[in-house]
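Reading through the structure tokens given below for one structure.
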Amino acid sequence: MKPIDGSGRVAEVLRLGLVEGIGVRAIAKRLNMARKTVRKILGRHRAPPKPAEPRASILDPYEPAIRAVLNDAPEMLAPAVLERLRPLGYTGGVTILRDRLRGLRPHGHREAFLTLHFAPAEAMQVDWADFGFALPGVARRVSAFVAVLCHSRYLYIEFTVSQAMGSFLRCMDRCLRFYGGTTAADIFDNMKTVVLSHSATATVFNPRFLEYARARGAFAVRACNVRKGNEKGRVERPIGFVRRRFWPGRRLRDLLDLNTQAFAWRDDFANGRVHEETGKVPALVFAHQEQRLLKPLPATAFNTDDVEGCGITKMFRVPFDRNKYSVPWRLVSQQVTVRANDDEVAVFLGPKQVATHSRCWNVGQDIEHPSHKKALLDHKPRAAAGALPPALDALAETGKKYFKLLAAGSRSIHQEIVRLTLLVELFGAVATSSAIDEVMQTGHVGAEYVEYVLRHKRQLVPDPRPLRLGNEEFDAISLPEPDLSIYDQLLPARMTLDPGSPPSDDGDSSS
């Protein structure tokens with residue numbers, strides 16, 4: 001037999017294997033070739049297998065309904081789609097539904113972005129970042145105010161427990177002072193303190209923030225488009241950097257401690273490192289290229305207080321920032337203005353300041369100035385509910401118990417205070433307290449009973465302390481004691497009353 005060359009051997013292997021259907025072992029033996037070589041040649045030239053016919057699925061009858069659901073809500077999850085298929089008769093599970101949704105769900109095309117370039121002092125980007133409930137004992141979420149100069153990547157960060165307008169403006173003020181000036185434009189996300197509404201045709205900015213921008217050098221205010229985080233990438237990346245490099249493992253005592261640590265990290269590390277994108281140190285680029293081009297801050301004053309109008313409740317309180325602050329009680333039902341900064345809350349009735357408190361950054365607290373409550377108690381003694389007037393402090397616990405009982409009745413607390421004060425001056429606190437205790441044992445309350453016990457049952461003689469006027473000549477005057485018994489016949493019958501005898505230890509003494 002004539003020897004077969006290389007290409008001829010391949011052709012012969014294919015003829016024997018594919019046309020005549022001879023096996024690999026027989027071909028190798030006939031052509032004196034290795035079985036591995038034969039198998040490789042047949043494998044390279046073998047026709048691809050015909051695709052298997054797709055198996056019918058229990059979901060096939062429901063595919064039009066699935067497509068209709070995804071057209072209306074492409075983000076709908078498999079369990080929710082399953083709920084809509086059950087009424088149509090679908091009896092399968094959620095696993096094969098998930099597989100089918102993976103193929104049917106429309107996938108959007110990934111968007112391509114251009115790299116933005118900013119000249120020195122051209123723009124600054126600002127945004128909030130939420131860090132949750134991080135401060136011990138404070139039921140408020142911690143937020144980070146983050147600002148970045150777009151050219152140098154020079155970072156400013158400050159933590160707060162409020163994103164309200166006043167807190168935002170105060171953060172902006174401290175940020176601009178940190179940079180030493182303003183850029184031509186500031187770029188913001190759609191925060192309500194800057195943007196009231198944003199549509200495809202118009203952007204409505206917060207008028208108070210526009211006033212602030214004019215007062216701080218008239219920098220331009222720009223808002224990113226809705227759901228376009230790529231338009232503020234200069235500040236989004238630093239926020240992620242703070243979350244990864246500063247936040248993990250921090251031990252915090254309070255907000256002051258948090259900001260102390262944040263400022264040190266910002267100045268010593270964040271602004272002093274070589275930036276990952278620019279390959280330069282932000283602090284050096286800022287100092288040598290950008291700082292001198294910033295617009296200087298004008299000396300125009302701008303009030304950055306939180307301002308709210310509210311009414312005073314019947315408990316003489318004003319609700320403000322999830323706490324309650326007291327005001328003078330006579331202002332109940334009045335409309336007032338509350339102004340607050342980071343440290344103080346002030347209440348104004350028109351132009352007049354009527355109350356001031358240290359600001360509380362907790363939640364649900366009742367902050368009361370002692371003078372506000374005292375003024376109401378002086379006006380409504382019964383409201384003291386057992387509290388002793390200063391002149392009767394010597395009556396101690398007996399007096400507190402007595403006035404608590406008076407507060408529950410209809411007697412005039414004011415008249416009781418006047419009469420008991422006189423009895424203490426005439427007979428002393430010890431005797432008066434003992435008489436009050438005896439009167440209460442009989443089941444009565446009232447100064448007339450106390451006076452009867454002192455004057456008639458115990459036959460005590462008034463012994464008031466000498467009145468000292470502070471003048472030696474007047475204090476030396478001595479007059480004989482007048483006989484006042486003649487006036488007893490002229491007193492009304494109800495001025496003093498016999499309370500009766502207290503019950504004995506053996507039981508009821510009544511006959």
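The values are calculated or read from the model by the stated rules, or taken from the named source; none is laboratory data. Treat the numbers as computed from the prediction; the structure is a model and nothing was measured. In this analysis, Cβ positions are derived from the backbone assuming ideal geometry, glycine residues included, and neighbour counts consider all displayed protein chains. Surface accessibility is based on the protein's heavy atoms, side chains included, excluding ligands, DNA and RNA. Shrake-Rupley method; radii C 1.70, N 1.55, O 1.52, S 1.80 Å.
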Kindly list the number of the only condition in (1) exposed (fewer than 15 other Cβ atoms within 10 Å of the Cβ); (2) assigned to a loop (DSSP other than H, G, I, E, B) that fails for Pro87. (2)
Could you please find all residues in region 187-204 being within 18 Å of Gly166 (Cβ to Cβ) and open to solvent by less than 50 Å² (accessible area, probe 1.4 Å)? Phe188, Met191, Thr193, Val194, Val195
Can you list the helices (runs of 4 or more DSSP H) lying wholly within region 210-327 that have 1 or more residues being loosely packed, with under 14 Cβ neighbours inside 10 Å? 233-241, 255-265
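Given the structure, is Gly409 out of contact with any helix residue (DSSP H, G or I) (no Cβ under 8 Å at 6 or more places or on another chain) and modelled with pLDDT under 85?
So Gly409 fits the description; yes.
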Out of the residues in region 141-154 that are open to solvent by 10 Å² or more (accessible area, probe 1.4 Å) and not hydroxyl-bearing (Ser, Thr, Tyr), which is farthest from Thr183 (Cα to Cα)? Arg141
Of Asp475, Asp393, Asp463, Asp437, the only residue that is free of Cβ contacts under 8 Å to residues at least 60 places away in the same chain and surrounded by 14 or more Cβ atoms within 10 Å (Cβ to Cβ) is Asp437
Would region 109-121 turn up any residue that is touching a Pro at 6+ places or on another chain (Cβ under 9 Å), within 30 Å of Phe246 (Cα to Cα), in contact (Cβ under 8 Å) with a residue 24 or more places away in the chain and surrounded by 13 or more Cβ atoms within 10 Å (Cβ to Cβ)? no
Unmet criterion (only one of (1) without any contact (Cβ under 8 Å) to a residue 12 or more places away in the chain; (2) in contact with a helix residue (DSSP H, G or I) (Cβ under 9 Å, 6 or more places away or on another chain); (3) part of a helix (DSSP H, G or I)) for Leu196: (3)
Go over the candidates Pro464, Pro370, Pro480, Pro390 one by one and state the one that is under 30 Å from Arg317 (Cβ atoms), at pLDDT below 85 and not hydrophobic (A, V, I, L, M, F, W, C). Pro390
Given Gln415, Gln441, which one is over 14 Å from Leu395 (Cβ atoms) and modelled with pLDDT under 90? Gln415
Glu451: passes all of (1) modelled with pLDDT of 85 or more; (2) not in a helix (DSSP H, G or I) but (2)
What are the residues in region 328-340 that are within 27 Å of Arg141 (Cα to Cα), of a type outside the set (Lys, Arg) and surrounded by 18 or more Cβ atoms within 10 Å (Cβ to Cβ), if any? Val338, Ala340
